[in-house]
Amino acid sequence: MTLPQSEETAVTPAVAAHGRAGLLRRLLRNPVAVTCLVLLALISLASLCAPLLTSQDPAHTSLTESLAPMSGKHPLGGDGVGRDVLARLLYGGRTSLLGALLAVAVAVVIGVPAGLVAGYYRKWFDAVSSWVSNLLMAVPAIIVLLVVMSAVGQNTYLAMAVFGVLMSPGVFRLIRASVISVREELYVDAARVSGLSDARIIRRHILPVVQAPTIIQAAQMLGLGIVIQSGLEFLGLGSATQASWGSMLNDAFANIYNKPELMVWPGVALAVTVAAFGLLGNALRDALDGTATRGRKPRGTTPRKPVAVKHSAPPEATDALLALEGLTVSYPTAEGEKTVVEGVSLTVRRGEVLGLVGESGSGKSQTAFAVLGLLPPEASVSTRQLVFDGTELGNLGRAEMNRYRGRRIAYVPQEPMSNLDPSFRIGAQLVEPVRRHLKLSGAEAKAKTLALLERVGIADPERVFNSYPHQISGGMAQRVLIAGAVSCEPDLLIADEPTTALDVTVQAEVLDLIRSLQRERNMGVILVTHDFGVVADICDRVTVMQTGTVVESAPVRELFAGPRHPYTRMLLASTLEDAEPRSPLSRIVPASIAGVTDPAVITNSVHQEGPA
Amino acid sequence: MTATMNGTPRKDVPAEPLLAVDDLVVEYPAKGWRRPPFRVLKGVSITIGAGETLGLVGESGSGKTTLGRAVLGLAPVASGTVHYAGKVISGLGAKERRALSSDIQVVFQDPYTSLNPAMTVNDILSEPLRVAGTPRAEAEKRVRDLLDQVRLPADAGERLPREFSGGQRQRIAIARALSRDPRVIVCDEPVSALDLSTQARVLDLFVEIQERTGVAYLFVTHDLSVVRHISHRVAVMRGGEIVETGDAATVTTTPQHPYTKRLLLAAPVPDPARQAERRAERQRLAAAMAADARTNTPAIASTSGDRA
């Protein structure tokens, strides 16, 4: 609930809702969508202008012209009772399109308001309308339509209106679900506090969000409407005097041995129209997601490329567990490569806790992930040197890296809950790596895991071992993950904001746990954090990062006693601990040092969004 | 301006509080048929004077956010009352509640979801003004003035929220709250999603606005150092109840209630030597409490702060 999220861990930031103008533009960039739109426009135009395109009456029968061949008078020939096929095709389009439009209009007119009211107000209306919609969805549509047609006569439009009612639950459920999710957004609460009436909130904040999904749904329902309508006509249930693609199929079916090509025209018209509506719906959805045009590099195509691997001994090789030198990480963006970490060097000794401190966008998490070899594939990573316990990791393949990761270099994440698989028991998730890395039997691994759970301060290890992640608290989940991280007796533990998501009392206990495990096992620890209190509590040395570079590295007491870099001084001055209550904080150090010439100038936004 | 004070916030509790919450109970219906509702607030009472900041501090699940939402009319009040300027404002109808929007405003925690991503900053800021019937030209002028008050450039109005950083978005949210000169702003963790240096600047802005306009804050946060910095008085919440209330300096340095003590000792100090002392004291207290628990009540759960 109260977690300051570190944006650089989110490599692909959630895409905010797009404006409608953007949607149309993206749609027009998709060739499939453009083709569908053009085809549908042509079909609609041809049906509308039927009287201009043919002088024949689609209902005029003439036995002498039964199954007439193509001719000047009948460009597509005559059907079984001598009606002009072209005229029937053109006029039939009207019936099919209008019928489908009617069905969709009825479904939208019923479904949208009902969905809005049910989703926004919930309560009894939601219960009743959801019940009715479930009932409607359970009813077999074709049978209802057959009953209606036989009861009130063969009226195509009436049948399509009834079909619209039967389709309305689809719209209702879609709208209701979108409204419920938007209604949870804080900006809707803010609008209520601002004194907006419900009608105005729905118009300004909720309708724009449900618009796009409604349009997509409508496009797909149009295709469905045409199919159902033609199906009814094909069964001979449409009005006898009205031309339609379905009744053309019916006639063609009767003459299938005499003139099979009669099937072709209505068949092609139906297939093209329905496919165009379907594909247009998909294209709309893609445009809405913004995923269709964005190419992604396939996984694992950019191996880490050490610029110049020196095989000479690293400078502090005597006791350095990890020596990282000249790490640079960059991401491809629309404006070219964007470097998020540049020339970062750090060392961790055995039994030492290194704090990696910085604000969001400083590249601290990217640095940690680079050491773990867990950066996304589109990242290009280069190091002069990444030596772990005497081995250069920079040019290891994935399989070789896996021997280190988990076994000798362990990781504790920021969000304990999202790092446990909700569908497996906790025990199973902990036992698996122990068995794999330490080659233990199932029973041995279980005994070791239970002992570890007890070690991390879990009162009832057996119960937690058999629990699912949702059954335990966040603090407990973080203990479980720490148990998992140390289960293979790693030499280096990388913890990325391990206590940021936790309450302060739980944070204190988890830090105590990390400290005692670290001392007991003489582990090296890299602790990524933004909190100087946490640094003061647990770290031996501190590396301060700002916008992708290291600005200062010092033993912890030295850093707090005499920070040398102005940025470090600014950060320490921003802590509230020793500030006079209600006194101005930012005046102490000019904002220019913070990397922003003016606090109001929009420079941070790029970093806030993270590399994407 | 509806400011009632001449810029100097008062530290004592005024005789007639601007906002008074009395024995408030908030319940959410439980899932399932005929289950008893879930009681989030169990009889909470607070008062806030004009121009005063009441800091409301607590851990997750303590009900601090719900109390703020109840003041805003966004949480279902089961019993108890909320008084504003002498009138009961809990359980009002939609229309009467809307009339209060010029007096009581809000700044939410998450600057990413509290601004409609599809609206420009101008639209976001002018919406509350247009609802109140302010003519368009006047609203535009007011929006420029608001952007200036929160130190955003005038051309920010044309942009969409996603073009701004977290701190800047929070400034936009503050500007929206200020648009109709409210007398109370409920601030729900407004700085906890921000970086340290950004947090400092946004806190400065809050203090400066209060000193200029005399607005009162109900400042909800989990961070004791933030609450000490911004508040005149502090209320500590736990499990839907207030365990301690008092002067900010007293509560945050020499707390009386054992829970507040635990909270204070658990918050790490950015100073290695002092933090080592604080840690030792916390561990000593925890050991003493554990020993206490063993002798007095044998069947006590492990760490009580460790709830889901």
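The values are calculated or read from the model by the stated rules, or taken from the named source; none is laboratory data. No experiment lies behind these values; they were computed from the predicted model shown. As a convention, Cβ positions derive from the backbone with ideal geometry for all residues, glycine included, and neighbour counts pool all protein chains shown.
With touching a Gly at 6+ places or on another chain (Cβ under 7 Å), within 11 Å of another protein chain (Cβ to nearest Cβ), within 30 Å of B:Pro270 (Cβ to Cβ) and outside any helix (DSSP H, G or I) as the only criterion, which of B:Val236, B:Val202, B:Val220 stands out?
B:Val220 is the lone residue from the list that is touching a Gly at 6+ places or on another chain (Cβ under 7 Å), within 11 Å of another protein chain (Cβ to nearest Cβ), within 30 Å of B:Pro270 (Cβ to Cβ) and outside any helix (DSSP H, G or I).
Across the stretch A:548-594, the qualifying residues are those that are at pLDDT 90 or above and in contact with a His (Cβ under 8 Å, 6 or more places away or on another chain), and the one among them that is farthest from the other protein chains (Cβ to nearest Cβ) is A:Glu552.
The residue list B:Ala30, B:Ala78, B:Ala50 contains one member that is assigned to a loop (DSSP other than H, G, I, E, B) and modelled with pLDDT of 90 or more, which is B:Ala50.
Criterion applied to A:Ser239, A:Ser181 was being in a helix (DSSP H, G or I) and either in the same structural domain as A:Ala33 (by TED's automatic domain parsing) or aromatic (Phe, Trp, Tyr) (or both), and the one residue passing it is A:Ser181.
Scan the stretch B:90-99 and give yes if some residue there is touching a helix residue (DSSP H, G or I) at 6+ places or on another chain (Cβ under 9 Å), within 11 Å of chain A (Cβ to nearest Cβ) and closer than 16 Å to B:Val184 by Cα, otherwise no. The answer is yes; a qualifying residue exists. Selection within the stretch A:314-351: residues that are surrounded by 12 or more Cβ atoms within 10 Å (Cβ to Cβ) and among the small types (Gly, Ala, Ser). The member of this set that is modelled with the lowest pLDDT is A:Ala317. For the stretch A:470-576, the helices (runs of 4 or more DSSP H) that sit wholly inside it and include 2 or more residues that are surrounded by fewer than 20 Cβ atoms within 10 Å (Cβ to Cβ) are A:504-521, A:556-561, A:566-574. For the stretch B:177-197, what are the residues that are within 14 Å of B:Ser114 (Cα to Cα), in a strand (DSSP E or B) and either more than 10 Å from chain A (Cβ to nearest Cβ) or out of contact with any strand residue (DSSP E or B) (no Cβ under 8 Å at 6 or more places or on another chain) (or both)? B:Cys187, the sole residue that qualifies. Checked against the criteria, A:Glu577 does not count as free of Cβ contacts under 8 Å to residues at least 24 places away in the same chain and either of a type outside the set (Gly, Ala, Ser) or within 17 Å of A:Ala368 (Cβ to Cβ) (or both).
Is it the case, given these coordinates, that B:Gly63 is surrounded by 15 or more Cβ atoms within 10 Å (Cβ to Cβ), facing another protein chain (nearest Cβ under 10 Å) and either modelled with pLDDT under 90 or on the phi > 0 side of the Ramachandran plot (or both)? Here the answer is no, as B:Gly63 does not meet what is asked. Among residues that are within 8 Å of another protein chain (Cβ to nearest Cβ) and either crowded, with 16+ Cβ neighbours inside 10 Å or basic (Lys, Arg) (or both), B:Arg228 is included.
Condition check ((1) among the acidic types (Asp, Glu); (2) part of a helix (DSSP H, G or I)) across all residues:
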site: B:Ala99; (1), (2): no, yes
site: B:Asp110; (1), (2): yes, no
site: B:Met119; (1), (2): no, no
site: B:Asn122; (1), (2): no, yes
site: B:Glu127; (1), (2): yes, yes
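The one condition from (1) aromatic (Phe, Trp, Tyr); (2) closer than 30 Å to A:Gly336 by Cβ; (3) not in a helix (DSSP H, G or I) that A:Phe369 does not meet is (3).
The set of residues from the stretch A:118-135 being among the charged types (D, E, K, R), part of a helix (DSSP H, G or I) and closer than 12 Å to A:Arg176 by Cβ comprises just one member, A:Asp126.
Return yes when B:Leu263 is in contact with a helix residue (DSSP H, G or I) (Cβ under 8 Å, 6 or more places away or on another chain), closer than 25 Å to B:Arg39 by Cα and either at the interface with chain A (Cβ under 7 Å from one of its Cβ atoms) or buried (at least 18 other Cβ atoms within 10 Å of the Cβ) (or both) and no when it is not.
Against the criterion (in contact with a helix residue (DSSP H, G or I) (Cβ under 8 Å, 6 or more places away or on another chain), closer than 25 Å to B:Arg39 by Cα and either at the interface with chain A (Cβ under 7 Å from one of its Cβ atoms) or buried (at least 18 other Cβ atoms within 10 Å of the Cβ) (or both)), B:Leu263 qualifies.
Every listed requirement among (1) charged (D, E, K, R); (2) exposed (fewer than 15 other Cβ atoms within 10 Å of the Cβ); (3) in contact with a helix residue (DSSP H, G or I) (Cβ under 7 Å, 6 or more places away or on another chain) is met by B:Asp145 save one, (3).
Of the residues making up the stretch A:383-400, those that are crowded, with 17+ Cβ neighbours inside 10 Å and modelled with pLDDT under 85 number 3.
Before we move on, is B:Gly157 in contact with a helix residue (DSSP H, G or I) (Cβ under 8 Å, 6 or more places away or on another chain) and either modelled with pLDDT of 90 or more or more than 12 Å from every other protein chain (Cβ to nearest Cβ) (or both)?
So B:Gly157 fits the description; yes.
Taken as a whole, the condition of being among the hydroxyl-bearing types (Ser, Thr, Tyr) and in a helix (DSSP H, G or I) applies to B:Ser225. Residues of the stretch B:243-264 that are more than 22 Å from the chain's Cα centre (by Cα) and assigned to a helix (DSSP H, G or I): B:Pro258 alone.
Okay, residues lined up against (1) surrounded by 14 or more Cβ atoms within 10 Å (Cβ to Cβ); (2) modelled with pLDDT of 90 or more; (3) of a type in the set (Ser, Thr, Tyr):
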residue: A:Pro4; (1), (2), (3): yes, no, no
residue: A:Glu7; (1), (2), (3): yes, no, no
residue: A:Thr12; (1), (2), (3): no, no, yes
residue: A:Val15; (1), (2), (3): no, no, no
residue: A:Arg26; (1), (2), (3): yes, no, no
residue: A:Ala41; (1), (2), (3): no, yes, no
residue: A:Leu45; (1), (2), (3): no, yes, no
residue: A:Ala50; (1), (2), (3): yes, no, no
residue: A:Ser66; (1), (2), (3): yes, no, yes
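Where strands (runs of 3 or more DSSP E) fall entirely within the stretch A:373-459, those with at least 1 residues that are touching a residue at least 40 places away in the same chain (Cβ under 8 Å), within 25 Å of A:Gln471 (Cα to Cα) and not β-branched (Val, Ile, Thr) are at A:409-412.
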